[in-house]
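Working notes, structure below.
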Amino acid sequence: MAAQADRIHRARPVNVAVIVQQGKTLDYIDGITQRSETPEEYVRQEIAKSLVREYGYEKAEVSVEFVLRLGSRKPRADLVIFGEGDQHDQDRARIIIECKSQKIKSSDRKEGVGQLQSYMAACPNVAYGMWTNGIERYCYRRVDTSGTVKFEEIPDIPGKGRTEDEVERPRFDQLKAASSDALLFAFRRCHNYIAGNQGLQKPEAFWELLKIIFCKIHDERSSDEVEFYATSKERHGLNGQLKIKARIARLFDEVKAEYPTIFRENEVVELNEGVRAYIVSQLQMYSLLESDIDVKGRAYEEIVGSNLRGDRGEFFTPRNICQMAVAMLDPGERQMILDPACGTGGFLITAMNYVIEKIRSAEISKWGDVERAETAIRQRVSRFAQNYIIGMDLNPNLVKASKMNMVMNNDGAGGLYQANSLKAPATWEDSLRDRQIMGQVDLLFTNPPFGSKIPIDEPSILEAYDLGHTWSYDSDTDKWTKTDAVQKSQPPEVLFIERCIKLLKPGSGRCAIVLPDGILGSPGLGYVREWILQNTRVLASIDLHPDTFQPHVSVQTSVLVLERKTDQQIAVETAVGRLNDYEVFMAVANHIGHDKRGNVTYVRDREGNEIFEEVEETLKEYEDGKPVYKKQRTQRKVIDDNTLQIAQAFRSWLFEQD
């Protein structure tokens, strides 16, 4: 069987290779040509990456802007695929892909799917074609009957060495790991298609898409043969659509049985037959479980963020900030990891995958043989994800979404709970309370909701916290003292600080918490800082760029890394009347990889030209049904982001302190 790539691991930088002029982007196929950075070019470059990384075509088999002859016209086809070793001549072309910007619709008379079909008709050996604008995507098979050329819509174009039947109903070892923004495009297409063709509002469409994604993941994890598929004939006939409906219904029944806390027993996939068939056809070619975590994270966060961002100070922590915090605390396989305000699970998924990569590396090194290592990896990952990952959030929809995110990223969904983290543990559900997490957490990562618009004003909560009381300030001694009086209200981030520290193991438990800068500098909040210094050792303070949470919210924040003191340490310092002196790691994250509009920013030279680096990627492929890891080199822009360097500097500093 021909090798089929199904996973792209994190790329490792090799060296800086190329400087690209401002306003240009480097062509992925030849690695030399600098093309104007337009919306259409963005789509074309993403599809070009997919052709090589997902479909398995060699770069030498792909021609960019190939000139066709259509009578007296000489249009340029965006991407044309030729057979291995074939001359790049029009009569040798096998597949044509047309890429447009999002503003061009498939129905456009000049640049829609009709343009693609005219190109296909002009090439006698072209069998397949694809038209996409990044949102819409249509694939066709050319059919010649009695001198008449027709075009039949199909779910996907075939990958290299693949037959049409394998595209219609693929085997598991033929599923493709999504690369770059391919999955983001697919999620957008599906979400918009449901909203546009089912008559649902976008948040409602999101939940229906979530059900289908759950079915897809369950099929990958539990079925012996692929059940999540829709053939071309099934999509275009009522009987076929009903067959698809029956397969998805069976999968969803199994999903509900496996995840009763996410879906009710009487829930169904509320999509009409045609919409359901379309969504299945757009996702069936991917292996969601095998896709890179950053690819899945970017796709999922966009679709979640546009539907679930609430009015309780909820905004999602950028992946690079999650990665920085996790790398700073360097979690291990036997450490309990908690986020008491987990949102959609960004910190937890980052921490979980950080540990999983440690496990994977250790087992492959131990066994040498990848296939033998896979079994041991699965066992250790399952034990870790089930027993050491815990998340809590007040918003039940966010908990539901975070469980989905966890299931898509190696499955730690059993440790996620809907609960008010600030309330007494006695009020939590039995399964969470039974875990007895107070004072037992090794590592805590969180970005709690904050703001004066969502105050905590329940007396029973406030009186349980030192920071829920009023404090008096003595200017002569520069000391704050807690009084018996209870505050009328407190912003949630203040109480979250105390709750997070009390969750940690005394003497060793550490947390990384995102806080508004007012906590660190406002004169009226001096008592909060004093409580922090009395109860913790401040390991690090990272000042985040003002655009960190843009384009969603403008807020100046920092990441505090704290280690809980033991009662004995606190008692000794209280007895001597002063705090121990120690060094604190401080840094400024002044390059965070995007601007205030959310656009990615890249490293540039002094003339403003973007810099590319050459990276080495490890791909997991199947040969004769067995997994094999291979390396390939490619080029990518250098993102202007110093958060990982900050984490590395902190680890070096911490090593010197120990």
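Look through the stretch 251-302, keep the residues that are of a type in the set (V, I, T) and over 23 Å from Q198 (Cβ atoms), and return whichever of them is surrounded by the fewest Cβ atoms within 10 Å (Cβ to Cβ). Before the answer, list the steps.
As a first pass, look at the stretch 251-302 and keep what is of a type in the set (V, I, T): 255, 261-262, 268-269, 275, 279-280, 293, 295.
Narrowing the set further to residues that are over 23 Å from Q198 (Cβ atoms) leaves 261, 293, 295.
Numbers: T261: 16, I293: 20, V295: 20.
Residue satisfying both the conditions and the ranking: T261.
If a residue has to be in a helix (DSSP H, G or I) and out of contact with any Pro (no Cβ under 6 Å at 6 or more places or on another chain) to count, how many in the stretch 48-102 make the cut? Give the derivation first.
Initially, the stretch 48-102 is screened for residues in a helix (DSSP H, G or I), giving 48-53, 59-61, 90-92.
After this cut, where a residue has to be out of contact with any Pro (no Cβ under 6 Å at 6 or more places or on another chain) as well, the list is 48-53, 59-61, 90, 92.
Residues flagged as in a helix (DSSP H, G or I) and out of contact with any Pro (no Cβ under 6 Å at 6 or more places or on another chain) within the stretch 48-102 amount to 11.
Scan the stretch 550-579 residue by residue and report those that are part of a loop (DSSP other than H, G, I, E, B), farther than 22 Å from E301 by Cα and in contact (Cβ under 8 Å) with a residue 24 or more places away in the chain.
Across the stretch 550-579, the qualifying residues are K565, T566, L579.
What number of residues within the stretch 160-214 are of a type in the set (D, E), modelled with pLDDT of 85 or more and either more than 17 Å from G274 (Cα to Cα) or in the same structural domain as P39 (by TED's automatic domain parsing) (or both)? Give the derivation first.
If we filter the stretch 160-214 for residues that are of a type in the set (D, E), which is where we start, we get 164-166, 168, 173, 181, 204, 208.
So of that shortlist, the ones also modelled with pLDDT of 85 or more come out as 204, 208.
Going one step further and asking which of them are either more than 17 Å from G274 (Cα to Cα) or in the same structural domain as P39 (by TED's automatic domain parsing) (or both), we end up with 204.
Matching residues across the stretch 160-214 total 1.
Which of (1) assigned to a helix (DSSP H, G or I); (2) of a type in the set (S, T, N, Q); (3) more than 18 Å from I213 (Cβ to Cβ) does Q335 not meet, given it meets every other one?
Checking Q335 against (1) assigned to a helix (DSSP H, G or I); (2) of a type in the set (S, T, N, Q); (3) more than 18 Å from I213 (Cβ to Cβ), the one that fails is (1).
What number of residues within the stretch 16-55 satisfy the criterion of being among the β-branched types (V, I, T) and either at pLDDT 90 or above or touching a Leu at 6+ places or on another chain (Cβ under 9 Å) (or both)? Before you say what the answer is, go through the steps one by one.
Taking the stretch 16-55 and keeping what is among the β-branched types (V, I, T), we get 16, 18-20, 25, 29, 32-33, 38, 43, 47, 52.
Retained after the next criterion (residues that are either at pLDDT 90 or above or touching a Leu at 6+ places or on another chain (Cβ under 9 Å) (or both)): 18, 20, 29, 32-33, 38, 43, 47.
Residues meeting the conditions: 8.
Among the strands (runs of 3 or more DSSP E) confined wholly to the stretch 115-173, which include 1 or more residues that are within 22 Å of E40 (Cβ to Cβ) and touching a helix residue (DSSP H, G or I) at 6+ places or on another chain (Cβ under 8 Å)?
So the answer is 128-132, 137-145.
K211 is checked against (1) surrounded by fewer than 20 Cβ atoms within 10 Å (Cβ to Cβ); (2) within 21 Å of M404 (Cβ to Cβ) and fails just one. What number does that condition carry?
(1)
Give the stretch 493-541 a look and list any residue that's out of contact with any Leu (no Cβ under 8 Å at 6 or more places or on another chain) and crowded, with 23+ Cβ neighbours inside 10 Å, or say none.
Residues satisfying the conditions do not exist here.
Being loosely packed, with under 13 Cβ neighbours inside 10 Å, under 22 Å from I32 (Cα atoms) and of a type outside the set (S, T, N, Q) narrows it down to one of E98, E84, E65, so name that one. It would help to see each step written out before you state the result.
On the way: E98 fails: loosely packed, with under 13 Cβ neighbours inside 10 Å; E65 fails: loosely packed, with under 13 Cβ neighbours inside 10 Å.
From the options E98, E84, E65, the qualifying one is E84.
Could you pull out the residue among L70, L116 that is of a type outside the set (G, A, S), within 19 Å of R142 (Cα to Cα), modelled with pLDDT under 95 and out of contact with any His (no Cβ under 7 Å at 6 or more places or on another chain)?
Values: L116 fails: modelled with pLDDT under 95.
Matching residue, one of L70, L116: L70.
What are the residues in the stretch 421-434 that are touching a residue at least 40 places away in the same chain (Cβ under 8 Å) and either surrounded by fewer than 17 Cβ atoms within 10 Å (Cβ to Cβ) or of a type in the set (A, V, I, L, M) (or both), if any?
Pass one, the stretch 421-434, residues touching a residue at least 40 places away in the same chain (Cβ under 8 Å): 421-422, 424, 432.
Hits for the stretch 421-434 are L422, A424, L432.
Say whether the condition of being in a loop (DSSP other than H, G, I, E, B) and over 17 Å from T643 (Cβ atoms) is met by at least one residue in the stretch 585-593. Even if it seems obvious, please write down each step before you answer.
Residues of the stretch 585-593 that are in a loop (DSSP other than H, G, I, E, B), as a first pass: 590-591, 593.
From what's left, over 17 Å from T643 (Cβ atoms): none.
Within the stretch 585-593, none of the residues are in a loop (DSSP other than H, G, I, E, B) and over 17 Å from T643 (Cβ atoms).
Out of everything in the stretch 290-321 that is among the hydrophobic types (A, V, I, L, M, F, W, C) and in contact with a strand residue (DSSP E or B) (Cβ under 9 Å, 6 or more places away or on another chain), what residue ends up being modelled with the highest pLDDT?
Here is the first cut: in the stretch 290-321, the residues among the hydrophobic types (A, V, I, L, M, F, W, C) are 293, 295, 299, 303-304, 308, 315-316, 321.
Pick out the ones that are also in contact with a strand residue (DSSP E or B) (Cβ under 9 Å, 6 or more places away or on another chain) and you get 295, 321.
Values: V295: 82, I321: 95.
It comes out as I321.
The values are calculated or read from the model by the stated rules, or taken from the named source; none is laboratory data. Computed from a prediction, not measured in an experiment: that's the story for all the values here. So basically every Cβ, Gly included, is an ideal-geometry build from the backbone, and we count neighbours across all protein chains shown.
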